[in-house]
């Protein structure tokens, strides 16, 4: 049995009671980064247990072993933060379990995507999540076009190094688009920058440095 367990995206108090119970009771834990997960387990005083890494670089090697173990025991899948399977290789393990008729259960919890969206002030009735953007401007414009065509709020994961460049590209082609930069969600230095694309680009350009994990949202309505 595979148990998909959401973990905090920042504030450790955001873990659920159910998630803690599942992590305590699982036979083993499947982690994107075992060292990171070990610190989480230690913080919540969860007894040590087998940690198996499942990441981009080793997924094909460990997948057969994991499937065998999941047929006879329970494994909890966690990512470094938030809900596993969102822009990480976890979904391929879930897909393989479904194909092998291994039971899959999802334990809901923190998600940077939803946390940013509901606090953005942008329309939430329809949204398009694209994970990390393509790096070329023509492909970026294709993604923006999909959001415009479907009248959806666009939700993106972006790096501190690229955020200004991305917002400037949006401002170049859609200066009146409403943009929100959600940075360091649930953490001490949480920040929301809101305005049209041009205004947000100006605010970002005034910062001496930009750090932390970022969710970028844009509405073209």
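The values are calculated or read from the model by the stated rules, or taken from the named source; none is laboratory data. Small disclaimer: the values here were computed from a predicted structure and weren't measured. When we count neighbours, we look across all protein chains shown, and the Cβ atoms used for this are built from the backbone with ideal geometry, even at glycine.
Please go through segment 151-178 and give me each residue that is outside any loop (DSSP other than H, G, I, E, B), touching a strand residue (DSSP E or B) at 6+ places or on another chain (Cβ under 9 Å) and without any contact (Cβ under 8 Å) to a residue 40 or more places away in the chain, ordered by number.
171
For residue 182, all conditions in the list (1) part of a loop (DSSP other than H, G, I, E, B); (2) under 16 Å from residue 121 (Cα atoms) hold save one; what is the number of the exception?
(1)
Taking residue 24 as the residue in question, decide whether it is surrounded by 14 or more Cβ atoms within 10 Å (Cβ to Cβ), in contact (Cβ under 8 Å) with a residue 24 or more places away in the chain and either outside any loop (DSSP other than H, G, I, E, B) or on the phi > 0 side of the Ramachandran plot (or both).
For residue 24, the condition - surrounded by 14 or more Cβ atoms within 10 Å (Cβ to Cβ), in contact (Cβ under 8 Å) with a residue 24 or more places away in the chain and either outside any loop (DSSP other than H, G, I, E, B) or on the phi > 0 side of the Ramachandran plot (or both) - is not met.
Within the set of pairs 6+ apart or on separate chains, which have a first residue in segment 31-43 that is farther than 19 Å from residue 11 by Cβ, a second that is part of a helix (DSSP H, G or I), and C-beta atoms under 7 Å apart?
31/37
How many of the residues in segment 95-150 are part of a loop (DSSP other than H, G, I, E, B) and closer than 13 Å to residue 216 by Cα?
3
Kindly indicate the residue of segment 71-107 that is touching a helix residue (DSSP H, G or I) at 6+ places or on another chain (Cβ under 7 Å) and at positive phi and also surrounded by the most Cβ atoms within 10 Å (Cβ to Cβ) among those meeting that condition.
Per the criteria, the residue is 82.
Among the residues of segment 55-94, write down those that are more than 29 Å from residue 186 (Cβ to Cβ) and either part of a loop (DSSP other than H, G, I, E, B) or under 18 Å from the mean Cα position of the chain (by Cα) (or both).
Across segment 55-94, the qualifying residues are 58, 73.
Is at least one residue of segment 192-200 within 30 Å of residue 76 (Cβ to Cβ), modelled with pLDDT of 95 or more and either touching a helix residue (DSSP H, G or I) at 6+ places or on another chain (Cβ under 9 Å) or surrounded by 18 or more Cβ atoms within 10 Å (Cβ to Cβ) (or both)?
Checking segment 192-200: not a single residue is within 30 Å of residue 76 (Cβ to Cβ), modelled with pLDDT of 95 or more and either touching a helix residue (DSSP H, G or I) at 6+ places or on another chain (Cβ under 9 Å) or surrounded by 18 or more Cβ atoms within 10 Å (Cβ to Cβ) (or both).
Could you check segment 131-151 and list, in sequence order, the residues that are in contact with a helix residue (DSSP H, G or I) (Cβ under 8 Å, 6 or more places away or on another chain) and surrounded by 18 or more Cβ atoms within 10 Å (Cβ to Cβ)?
Correct list: 133, 140, 144.
Take segment 205-221 and flag every residue that is free of Cβ contacts under 8 Å to residues at least 60 places away in the same chain and either surrounded by 12 or more Cβ atoms within 10 Å (Cβ to Cβ) or not assigned by TED's automatic domain parsing to the domain that holds residue 152 (or both).
207, 210, 212, 214
With respect to residue 185, is the statement that it is within 22 Å of the chain's Cα centre (by Cα), surrounded by 14 or more Cβ atoms within 10 Å (Cβ to Cβ) and at pLDDT below 95 true?
Answer is no for this residue.
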